[in-house]
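Here is the structure we will look at, set down as C-alpha cells.
The values are calculated or read from the model by the stated rules, or taken from the named source; none is laboratory data. What you are looking at is a predicted structure, and each value in this text was computed from that prediction instead of being measured. For neighbour counting, all protein chains shown are included, and Cβ atoms are generated from backbone atoms with ideal geometry for every residue, glycine included. Please note that ligands, DNA and RNA were not included when accessible areas were found on the heavy atoms of the full protein model with its side chains. Shrake-Rupley method; radii C 1.70, N 1.55, O 1.52, S 1.80 Å.
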Amino acid sequence: MHTTYLVIGVLIMAFVTYLIRVTPMIIFKKKIENIRIKSFLYYVPYTVLAAMTFPAIFSSTQSQIASAIGCLTAVVLAYLNKGLLVVALGASCAVLIAGMFGI
C-alpha cells in the first residue's frame, strides 16, 4: 500500500468524523427545549451501543446457546447493579463453563 493512499484515507476519515460531530452544533444554535426530543437524544447512545454489542455477542462463539447463556448472565448481573468488571467476568466465565460442558 502506498503511503500517499494511506495518508489520504486517514485525512478523509478524519474529515468525515469531524463533519459528523460538528453538524449538530451548526444545525442547533439554541438549547433544545422539547421534552420528547431531549428524551430521544438521551437514549440514543444506549441504543447505538446495544445495536453494536448484541450481534457481536451472538457471533463471538461457535455455540449460540453458550452466547445466550453469557448474555443472560450479563443481563442478570447488570440488573443486580454489579460493576462493569463483575458483569464482564461473570459473562465470560458463564460462556467458558458452558463451552466446557459442550453446550
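Data for the structure
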{"read-out": "Members of region 70-87 that are among the hydrophobic types (A, V, I, L, M, F, W, C) and either free of Cβ contacts under 8 Å to residues at least 12 places away in the same chain or loosely packed, with under 13 Cβ neighbours inside 10 Å (or both)", "value": "72, 75, 76, 78, 80, 84, 85, 86"}
{"read-out": "Residue 66, sole failed condition from (1) part of a helix (DSSP H, G or I); (2) at pLDDT below 90; (3) over 16 Å from the mean Cα position of the chain (by Cα); (4) within 30 Å of residue 101 (Cβ to Cβ)", "value": "(2)"}
{"read-out": "Considering residues of region 94-103 that are assigned to a helix (DSSP H, G or I) and without any contact (Cβ under 8 Å) to a residue 12 or more places away in the chain only, the residue least open to solvent (accessible area, probe 1.4 Å)", "value": "97"}
{"read-out": "Residue 48 being open to solvent by 60 Å² or more (accessible area, probe 1.4 Å) and part of a helix (DSSP H, G or I)", "value": "yes"}
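For (1) at pLDDT 90 or above; (2) in contact with a strand residue (DSSP E or B) (Cβ under 9 Å, 6 or more places away or on another chain); (3) surrounded by 10 or more Cβ atoms within 10 Å (Cβ to Cβ); (4) not hydroxyl-bearing (Ser, Thr, Tyr), each residue gets a yes or a no:
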position	(1), (2), (3), (4)
8	yes, no, yes, yes
15	yes, no, yes, yes
23	no, no, yes, no
29	no, no, no, yes
34	no, no, no, yes
37	no, no, yes, yes
60	no, no, yes, no
